[in-house]
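Here the structure is laid out as structure tokens; the discussion comes afterwards.
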Amino acid sequence: MVGPQYDLVGNPLGAVRATFERTAAAAAAESGGADPVAAFRGKDWGAGDLFRSFLFEQDGLGKVPVLDASNLGLIKPNTLVRYRGMVQDMLGNEYYIGAFKDGSTWRTNKFTDVSPFSMPHPCDSHLWERHLFHCVPAPGQNSWTLESSPGPDVRRMTNCLAPELREKRKRDGDDDTMDVSENGHRESSSFCKKPKEGDAHVSSSSTEVAGTVPEMNGGDHHIPGSSFSCLVKIYDMPESQVKLNDVIEFIGVYTFDPELAAPSDNPDDIMLDLMEDVTVQLPPSKVPRLHCLVWRKLSSHDYISRPVVEPSPSLLKGIRQSLLSHLTLVLGNDELAAQCLLLHLLSRLRNRVDVVTVGRLSLNFTGFNKESASIFGNQLYSLIQKLVPYSQAIPLSIDYLNTATLQPRKDNKSGRLVTGVLQLPQGTHLTFDETLLQTGSLTSKGVENTMLLKNLMESQKVDYDFEYYKLEMAADVQLLTLSEGKSNILPSDLVVPFRPSSVPTVNAGAEETESWRWYLATVRSLPQSTEPETYQMIQDEMVSAMRDDRSLGCSELSRWLTMAQIMASSFGEKSLSLEHWQMVKELERLRKQRMQ
């Protein structure tokens, strides 16, 4: 076991270089003079395993500070950080000098923007590549998710504190030590350059630091309303593992160097010559870099602090009843609406068969007006915010449709993807308030936005505009519409007239809310199946229903089956039974009775 000889949080690059030089020296001895680092292209020489062991086996994850807008000016560059964000744009690959020979010693530039050593020219070297991703905070991310994985207080971590703040602490009486790399060398000044006049200055006051963050990161016109983004560089990864709109936790080396935005004074600086044009669009003076050592895609469970327990049907049934009772109270004691809302919240896209999407269940509550929407609609959306990781409420008015930028588009001049409202992480919940619609005319943009929303509702796809062509991107978004009559703009799978009998005045406790979050995340991840005998009996009932009611179509019968499968899952069952099928048929009877 390597043990504490490595300061993996305060000096991760020291560990990277020490493991590389040791492994390269061993490989050189075994190869008898042949190139010892050629085999390291696209592979890990042990540094990744070292960090994974520290993070997940030695409980080191909680010791790594979280990089966000509040502490951007506090964290010292070249320390280990965590960053959670959505992949907003995929910027291709970047080539860099991954390894070079310095005398008799092989050195590496992996996980850095510039070489920490003076590179002899010419020299033996290897050209490697890394993947570039522009990441932003997940749109619609609810505040409770930010509390799920808190990092340590950066102000108390002298090994990760920015130099200006560390000097202030030193003057105030705190001890401070020189940073020394694991191979015994003092850290290169390449990583601790003094700011030139006019460069962004990090104040020793936390209030002033927070005030400078928008200037550092808020000027990206490609991300309307975004105050913080990060350029993530991933190494040794197959192309298809990270996809657009994935929400990921990246753990790696944080770099933030305003001087990289200026042209290099050194004509022999090969590393800077190889940097892609993306640095012009995302200058280091505004957008920090994170050189990723470890990453993992996030699911709803990653935001929940509840201990891991076996999701037994008896446990899930109890939580189901508790959540259903609360939904009923929030919806003014409308039990039918609460039952349908629960199925809606548990729905997710499970499969695509040609143009058919399996598993979706969009919901339209009718009978709303502006007054009832301000009472029940606000209460309902407030509850949804507390239950799901990502949600947004959209006021669907004529003015909004005519002016909103819903469609993401590619800016071919900059090579960047300009975000739109419908660039969303998987599992986002959208609530549309259609009570704001009044008589008016849609512009061409309004018509285009209406078609985008309808396409999302019907096919769970969003057209991205690449100027000369449209590219359909798959989505998995829950859609709830509140309207006076049946929505023509957003044709939902399930239309339910809303009939409240009381005004909601109920609040749930923190522990109860946490159990509901766990329940929704767990049930949505359960596998679904149907025994052949049960499926045959349900199919026979469908044929009989179509014979009795000629107005029934395949889409409606498919919705019944989807609702029955979700109903089974809501009780913690992995297989659909006739009992669940009958429960859905009863729901349908009550719904149609109410619609007459």
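A single entry from 384, 375, 394 fulfils the requirement of being at pLDDT below 95, aliphatic (A, V, I, L, M) and either open to solvent by 10 Å² or more (accessible area, probe 1.4 Å) or under 13 Å from residue 479 (Cβ atoms) (or both): 375.
Close contacts from segment 42-68, counting a first residue that is more than 17 Å from residue 15 (Cβ to Cβ) and in contact (Cβ under 8 Å) with a residue 12 or more places away in the chain and a second that is among the aromatic types (Phe, Trp, Tyr) and crowded, with 17+ Cβ neighbours inside 10 Å, with Cβ to Cβ under 8 Å and a gap of 6+ residues or different chains, come to 42/128; 66/83; 67/83; 67/254; 68/83; 68/228. Would you tally the residues in segment 335-364 being of a type in the set (S, T, N, Q) and open to solvent by 10 Å² or more (accessible area, probe 1.4 Å)? Residues flagged as of a type in the set (S, T, N, Q) and open to solvent by 10 Å² or more (accessible area, probe 1.4 Å) within segment 335-364 amount to 3. For segment 397-415, filtering for residues that are assigned to a helix (DSSP H, G or I) and either of a type in the set (A, V, I, L, M) or surrounded by 19 or more Cβ atoms within 10 Å (Cβ to Cβ) (or both) leaves 2. For segment 338-360, the set of residues classified as closer than 23 Å to residue 523 by Cβ, part of a loop (DSSP other than H, G, I, E, B) and modelled with pLDDT under 95 consists of 348, 349, 350, 359, 360, listed by residue number. Per the listing 44, 7, 49, the residue uniquely within 30 Å of residue 247 (Cβ to Cβ) and not assigned by the TED database to the domain that holds residue 247 is 7. Between 390, 381, the distinction of being on the phi < 0 side of the Ramachandran plot, hydroxyl-bearing (Ser, Thr, Tyr) and out of contact with any Gly (no Cβ under 7 Å at 6 or more places or on another chain) belongs to 381 only. Restricting attention to segment 563-579 and to residues that are of a type outside the set (D, E, K, R) and over 34 Å from the mean Cα position of the chain (by Cα), the residue that is surrounded by the fewest Cβ atoms within 10 Å (Cβ to Cβ) turns out to be 578. Being buried (at least 18 other Cβ atoms within 10 Å of the Cβ) and assigned to a loop (DSSP other than H, G, I, E, B) narrows it down to one of 113, 44, so name that one. Just a single option satisfies the conditions, and that option is 113. I'd like the full set of residues that are exposed (fewer than 14 other Cβ atoms within 10 Å of the Cβ) and without any contact (Cβ under 8 Å) to a residue 40 or more places away in the chain, limited to segment 452-487. Those that are exposed (fewer than 14 other Cβ atoms within 10 Å of the Cβ) and without any contact (Cβ under 8 Å) to a residue 40 or more places away in the chain: 468, 469, 470, 471, 472.
The values are calculated or read from the model by the stated rules, or taken from the named source; none is laboratory data. Nothing here was measured: the structure is a model prediction, and the numbers come from that model. Methodologically, a virtual Cβ is constructed for each residue, glycine included, from the backbone with ideal geometry; neighbour enumeration extends over all protein chains shown. Side chains included, ligands, DNA and RNA excluded: accessible areas come from the protein's heavy atoms. Shrake-Rupley method; radii C 1.70, N 1.55, O 1.52, S 1.80 Å.
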